[in-house]
1. So in the chain, what percent of DSSP beta bridges are antiparallel if you round to the nearest 5?
2. Let me know the charge dipole size of the chain about its Cα centre in debye, to the nearest 20, where only the beta-carbon of Lys, Arg (+1) and Asp, Glu (-1) is charged.
3. For the chain, what does the helix formula give at 222 nm: sum of -39500 (n - 2.57) over DSSP H segments with n ≥ 4, over the residue count, nearest 500 deg cm²/dmol?
4. Once you sort the root eigenvalues of the Cα gyration tensor of segment 326-396 as a ≥ b ≥ c, which label holds: rounded (a/c under 1.5), prolate (a/b larger than b/c) or oblate (the other case)?
5. Shape of the chain from its Cα gyration tensor (a ≥ b ≥ c, root eigenvalues): rounded if a/c is under 1.5, otherwise prolate when a/b > b/c, or oblate?
6. Work out the P(r) tail for segment 18-152: percent of alpha carbon pairs separated by more than 24 Å, whole number.
7. Take Asp411, Asp175 and order them by how many other Cβ atoms sit within 10 Å, fewest up front.
8. Note down the net charge around Tyr154, summing +1 for each Lys or Arg and -1 for each Asp or Glu among other residues with Cβ under 15 Å from its Cβ.
Amino acid sequence: MRPNSLHAADLAHMVHQQTDLGAHGEDGAVLIKRGDGCRVFDTEGREYIEAMAGLWCASLGFSEKRLAEAAYRQLLELPYYHTFFQKGHEPSVRLAEKLAAIAPPGKEGGGLNHVLFQCSGSEANDAAIKLIWYYNNVIGRPAKKKLIGRMRGYHGNTVATASLSGQPHMQADFDLPLGDRFLQVSNPNYYRFGQDGETEEAFSARMAAELEALIEREGGETIAAFFAEPVQGGGGAITPPRGYFEAIQPILKRHDILFVADEVICGFGRTGNLWGCETYGIQPDMLTAAKQLTAAYQPLSALLISDPIHAALLEGSRRNGSFGHGFTYGGHPVACAVALETLAIYEERDLLGHVRAVAPAFLDGLGALRGHPLVGDVRGVGLIAGVELVADKASKAPFPAAAKVGLLVQDKCQEAGLIVRAIGDRIAFTPPLIITAAEIGEMCRRFQAGLDAAW
Ligand code: PLP
């Protein structure tokens, strides 16, 4: 590495996020300089197909001029305003109106009519946690506060959302989980945790029974909410087994436990419907969205809530003199303007139709690699997929964690011009939603080259 180079400065001063900080290697981190459609180029001029859309977010790729122009127009007209103290601005109002109109049906078909904007997915889920506690205090259930997440679930990195997430490495040495309000149920990865001879439906019923046993053990009167991603992203692109959400929801209803759908990855077409809730028949009380809301061109998230929860916020605000929650940049006008343009592009270009048209090529192309000696399972829906690497296909035995086979495959893919993400030995794919069938073919060829080089 040259002294005084960009890479040397990176190593000297940048604290990279969610990274093995000791593993940048001889050449340092890959620094991405520019993007073009589904491809990005690093500072050395190397080209990559970005099969993760950055962090599951750049749905329109890396060179959509209309979004840059929408940001510029808004920057010229009103670069900043807030939504505090009886004030607001048009882009946030228009966006809230739009999201309420396109939201999936909530519990019992009720609307998710009210929107609180934040900047990130973590903040949206963090706000959901705060609002759930607030709601139960206001309606006179101060003991109903515990939250249930799932092993390998990911809901963010604030103190509360990292406590809720089932990601041990995001808790270790951070003194998390904080307090005793965070509970976990098992990870619903059928391939990995299904028992010999157990059908998917029977596995789902077992997962649901485990949830109900936990609720009964803790006392339903102490449990406020269950959080779930329709498809677990950061857990390894884990699609729910057949019948899973159908089995879970009646249990939550029986114990009057709220369902928070974390649509931060799934929202806006990733699973082939606008919402993962539609794909899996989920009727949530709250929904969080981010990432593809702005195609990642601006940081923005939204927490959608039902009428009864909103009524409690009004009541709490009366009781306390104000609704005591808000961030300076929550619902930033430039981010809202970009989100409105993003949603307009999705509709004008029928992006959902496009996702449905190319999803078979994506899932079949990756599925064709099931025969590869390293591949145990390929699963997916729409344009999200996970490939599980195994040491032994017949027994499904995993590689020892220390072998870091997932990282090796990720590195070999990178050498072949493909950016994927290794989550342990699960390789995740979430390309930009605009990816074409030809680019999918190229993506699969580069993945095969990466697998072959790692084998
Ligand atoms: N929820 C899910 C399902 C996510 O995948 C993520 C991030 O990947 C988050 C929440 C956190 O979002 P952010 O990184 O914007 O805080």
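We did not get these values from a lab; they are worked out from the coordinates using the rules stated. Since this is a predicted model, take the numbers as computed values, not measurements. So basically every Cβ, Gly included, is an ideal-geometry build from the backbone, and we count neighbours across all protein chains shown.
1. Details: 31 of 48 bridges.
DSSP beta bridges in the chain are roughly 65 percent antiparallel.
2. Values: 42 positive and 52 negative charges, 99 e Å.
In debye, rounded to 20, the chain gives about 480.
3. Values: 15 runs with 177 residues, N = 455.
Counting only the DSSP helices, I get -12000 deg cm²/dmol.
4. On the way: a/c = 6.06, a/b = 2.04, b/c = 2.98.
Oblate.
5. Numbers: a/c = 1.60, a/b = 1.18, b/c = 1.36.
Since a/c reaches 1.5 but b/c is at least a/b, the shape of the chain is classed as oblate.
6. Details: 5194 of 9045 pairs.
Summing the P(r) tail past 24 Å for segment 18-152 gives 57 percent.
7. On the way: Asp411 16, Asp175 9.
So the ranking, lowest neighbour count to highest, is Asp175, Asp411.
8. Details: positive: Arg150, Arg152, Arg270, Lys291, Arg421, Arg426; negative: Glu123, Asp126, Glu229, Asp262, Glu263.
Charge balance near Tyr154 sits at +1.
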